[in-house]
Amino acid sequence: MVDVAPAVRTLRLVAVHVVARARQQATGRFSLRVTPGGFGTPEFGPDSRRVRVAHGTLIVESDAPGAASSTAHPIAGSSMRELADVAGVDLRAALDVGQDTPDMGDAEAPHELDQADAGDAVEWLADVAAALDRVLAAMPAGSGASVARLWPEHFDVAIDVAARPDVRVNLGGSPGDSFSGEPYLYVGPWTADRPGDDGFWNAPFGAGRTRSQLDAGDLVGSAAAFLLEGLHRLQR
């Protein structure tokens, strides 16, 4: 059993059952984005609403004409029911964000959230997002890259791109899950292609690198270099 920080598990539950649920109930879509200090929805609805988490706090924003507002509520000590009420979502409604949708558990139970561990997790997500920006900047035209999304069910941030016309690949990173308790990056081809040195392809899904295996002095740069190496191997 991989030991994942409890803060990561709590943030994943909030990402799925509060933040993504808010977008899904309004638009039918559930993917999220990395935002300052955390993660959240894009703007949606007639009031340009946003639901996001920053620094261990749930924030609900509205930019309705003449009635702009922000509401903040701490995650630590709050139940899923309380957070859902702040976000204006219905926990009784069916929710499916893929086969890895986590069970919400007791909606009335208060959640603990270690602020240091939570900060570490969202800082890693921000580093991955910054590395993906560098990857996008280095890619040739016609790569068909997707938008960088935070997928709540996995609680990771990723893009997918065309390495070749018939080979797409996921590039991204996670703050910890069943594969690794430590934050890590991944290169996940959609096909069985594993070209070049077998030592690079070290994971069931393709290739992974933990944060401790990167250059701590240039974390974003070395993360981008790893992701680009995987892409270039598949391009060749």
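Summary of values
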read-out: D (Stokes-Einstein, µm²/s), Kirkwood Cα radius, the chain, 1.306 mPa s at 10 °C; value: 86 µm²/s
read-out: Rg over Rh, two decimals, the stretch 32-124 (C-alpha only, Kirkwood Rh); value: 0.97
read-out: Spin-label pair GLU229/ARG194, simplified geometry with 7 Å Cα→Cβ offset, distance in nm; value: 1.7 nm
read-out: Estimated vicinal HN-Hα couplings, Hz - the stretch 34-43 in sequence order (Karplus 6.51, -1.76, 1.60; Gly, Pro = x); value: 6, 10, x, x, x, 7, x, 7, x, 5
read-out: Value of Rg to Rh for the stretch 102-228 (Rh from inverse mean 1/r over Cα pairs, i.e. Kirkwood); value: 1.00
read-out: The stretch 2-154: relative contact order as a whole-number percent, Cα under 8 Å and 6+ apart; value: 29 percent
read-out: Only Lys, Arg (+1) and Asp, Glu (-1) charged, at Cβ; the stretch 12-135 dipole about Cα centre in debye; value: 480 debye
read-out: Phi to ³J(HN,Hα) by Karplus 6.51 cos²θ - 1.76 cosθ + 1.60 over the stretch 85-96, Hz, x for Gly, Pro; value: 5, 5, 7, x, 10, 9, 6, 7, 6, 4, 9, 9
read-out: Residue-count net charge about ASP96 - beta-carbon cut-off 14 Å; Lys, Arg +1, Asp, Glu -1; value: 0
read-out: Values of log10 I(q)/I(0), in the order q = 0.13 Å⁻¹, for the stretch 172-236 under a Debye, Cα-only, solvent-free model; value: -0.33
read-out: Net lengthening on full extension, VAL167/ASP3 (0.36 nm per residue, minus Cα-Cα); value: 55.7 nm
read-out: Mean shadow area of the stretch 73-114, taken as a quarter of the surface of its Cα convex hull (nm²); value: 3.4 nm²
read-out: About the Cα centre, charge dipole magnitude for the stretch 65-127 (Lys/Arg +1, Asp/Glu -1 at Cβ), debye; value: 400 debye
read-out: Potential extension, ALA26-GLN115 segment - 0.36 nm per residue separation minus Cα distance; value: 29.0 nm
read-out: Peptide ranges 113-125, 203-215, 132-144, 96-108 listed from the most packed, as the mean C-beta count within 10 angstrom indicates; value: 113-125, 203-215, 132-144, 96-108
read-out: For the stretch 43-121, accessible area per residue (1.4 Å probe, heavy atoms of protein chains only), Å²; value: 55 Å²
read-out: Alpha-carbon centroids, the stretch 60-134 and the stretch 173-205: separation in whole Å; value: 27 Å
read-out: Per-pair calculated FRET efficiency, R0 = 41 Å: ASP47 and GLN213 via Cβ, rounded to 0.05; value: 0.40
read-out: Length added when fully stretched, SER79-ALA67, from 0.36 nm per residue minus Cα-Cα; value: 1.5 nm
read-out: Computed log₁₀ I(q)/I(0) - Debye formula, equal Cα scatterers, no solvent, the stretch 1-67, q 0.22, 0.29 Å⁻¹; value: -0.90, -1.30
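The values are calculated or read from the model by the stated rules, or taken from the named source; none is laboratory data. Quick caveat: nothing in here was measured; it's all calculated off a predicted structure. No Cβ is skipped: glycine too gets one built from the backbone with ideal geometry, and neighbour counts run over all protein chains shown. These accessible areas exclude ligands, DNA and RNA; they are computed on the full protein's heavy atoms, side chains included. Shrake-Rupley method; radii C 1.70, N 1.55, O 1.52, S 1.80 Å.
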